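All of the numbers you see were taken from the coordinates with simple rules; none came from a lab. As the structure is a prediction and not an experimental result, all values here were calculated from the model. Because the Cβ atoms are built from the backbone with ideal geometry, glycine has one as well, and the counts that use them run over all protein chains shown.
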Amino acid sequence: RVLAGRGTDLAGRHVVVSAGGTREAIDPVRFIGNRSSGLQGYALARTAVARGAEVTLVAANVALPDPAGAKIVRVESALELREAVLAAAEQADAVVMAAAVADFRPERRSDVKIKKTSAEPEPIRLVKNPDVLAELVAQRRARREAGGPAGPRVIVGFAAETDDVLANGRAKLERKGCDLLVVNQVGENLGFGTPDNAAVVLAADGGMVEVPRGPKEDLADVIWDLVAERLG
Ligand code: CTP
Ligand code: CA
């Protein structure tokens, strides 16, 4: 799908997209997960390939056909996703974190299936996962200050908010320090598992683009427009 006016504007660029939702193992058969079909991330990968980019897609637990022309790295947990994204980001012009990364993981993973006994179950202690997006931003800042190779020029985060979408989005953009934040509106048959999305893309330079409800490819193309603009 090549759109008029966009053509191959990402030719020669390497972009990294994370998609899906991580799973944090409790035991060999159970996990704590995040609700994400991977549809938006896969749409981002497909549209980037169509626009000429070299695409690395880090996919967490996605049951969708492989996008042709993208390099796919499959991961399960947040820690695996972190490794894959940070490694791919070394050579990337842009990173788009569309994946739903679990904020917490069980402190310990049982090697054997936890059995039901007559006693009440043990509580599961959780620990924090690293924030991959924040790490990408911090790493780039540190490298810029050290005068070394700068790393990805454009870093894009996603946020799914249920209320006060704009205020929460602006605050999250500030906190995360990324260049663009795609704020999804969740609810009313939008967001998870649906082919359509509605979003507001907030830019660190104060800009804001509203993307009306439509196919996830359309939102993906707007995101790449904003990325391409920033890559110059
Ligand atoms: N993210 C990440 N690593 C995490 C958690 C989130 O890289 N451990 C990324 C997501 O991929 C997304 C962005 O950060 O691009 C925002 O995720 P979100 O869950 O909305 O933000 P949080 O800072 O985790 O805030 P909240 O408390 O609202 O969940
Ligand atoms: Ca979170």
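Could you state the principal axis extents of the C-alpha atoms in the range 41-144, from the largest down, to the nearest angstrom?
Projected onto the principal axes, the Cα atoms of the range 41-144 cover 59, 37, 18 Å.
Calculated from DSSP H runs of 4 or more alone, at -39500 (n - 2.57) each and per residue, what is the 222 nm mean residue ellipticity of the chain, nearest 500?
Result for the chain: -9000 deg cm²/dmol, rounded to the nearest 500.
If each residue's Cβ is checked for other Cβ atoms within 10 Å, how do Asp131, Asp164 rank with the fewest at the top?
Asp164, Asp131
With the contact rule set at Cα under 8 Å and sequence spacing of 6 or more, what percent relative contact order holds for the range 90-147?
Values: 23 pairs, mean separation 22.7, N = 58.
Here the relative contact order equals 39 percent.
Under 25 °C and 0.890 mPa s, how fast does the range 158-232 diffuse according to Stokes-Einstein, given a Kirkwood radius computed over C-alpha pairs? Answer in µm²/s, whole number.
It comes out at roughly 196 µm²/s.
Using the scaling law 2.2 N^0.38 Å as the reference, what is the normalised Cα Rg of the range 11-100?
That works out to 1.05 for the range 11-100.
Among DSSP beta bridges whose residues both lie in the range 86-232, state the antiparallel percentage, nearest 5.
If we restrict to bridges inside the range 86-232, about 60 percent are antiparallel.
Can you list which of the GluC sites (Glu not before Pro) found in the range 137-211 are DSSP loop residues with at most 13 other C-beta atoms within 10 Å?
When the GluC sites (Glu not before Pro) of the range 137-211 are filtered for loop state and at most 13 Cβ neighbours within 10 Å, Glu188 remain.
Count the lysine pairs in the chain that are 8 or more places apart or on different chains: how many have C-alpha atoms under 28 angstrom apart?
Taking the Cα cut-off of 28 Å, the pair count is 9.
For the chain, just the Cα atoms, rotate onto the principal axes and tell me the three extents in Å, largest first.
If we take the Cα atoms of the chain, the spans are 65, 45, 37 Å.
Within the range 16-50, whose backbone N sits under 17 Å from a point 7 Å along Cα→Cβ of Arg213?
none
With 10 angstrom as the radius, rank Thr162, Thr47 by how many other C-beta atoms surround their C-beta, starting from the fewest.
Thr162, Thr47
By what distance, in whole Å, do the Cα atoms of the range 53-97 stretch along each of the three principal axes, largest value first?
Extents along the principal axes: 27, 26, 13 Å.
Counting other beta carbons within 10 Å of each residue's own, what order do Glu90, Glu54, Glu83, Glu107 fall into, fewest first?
Sorted ascending by nearby Cβ count, the order is Glu107, Glu90, Glu83, Glu54.
With everything on Cα atoms, drop me the angle between helix 216-231 and the longest principal axis of the chain, reported from 0 to 90° to the nearest 10.
That helix lies at roughly 60 degrees to the long axis.
Compute the length gained on full extension between Gln185 and Glu76: take 0.36 nm times their separation in residues and subtract their Cα-Cα distance, giving the result in nm to one decimal.
36.7 nm
Would you please state which residues of the range 19-46 a label at Thr117 would reach in this model, taking the label point 7 Å out along Cα→Cβ and a backbone N cut-off of under 17 Å?
Taking a point 7 Å out along Cα→Cβ of Thr117, the residues of the range 19-46 whose backbone N falls under 17 Å are 27.
So if a site counts as exposed when it's one of the trypsin sites (Lys or Arg not before Pro), its DSSP state isn't H, G, I, E or B, and it has at most 12 other Cβ atoms within 10 Å, what's the longest stretch of the chain without one? All intermediate terms of the calculation are to be shown ahead of the outcome.
Numbers: sites that count: Arg1, Arg35, Arg108, Lys113, Lys115, Lys116, Arg125.
It runs 126-232.
May I ask for the angle, rounded to the nearest 10°, between helix 39-50 and the longest principal axis of the chain, with both axes built from Cα atoms and the value confined to 0 to 90°?
30 degrees
May I ask for the angle, rounded to the nearest 10°, between helix 165-176 and the longest principal axis of the chain, with both axes built from Cα atoms and the value confined to 0 to 90°?
Its long axis makes an angle of about 90 degrees.
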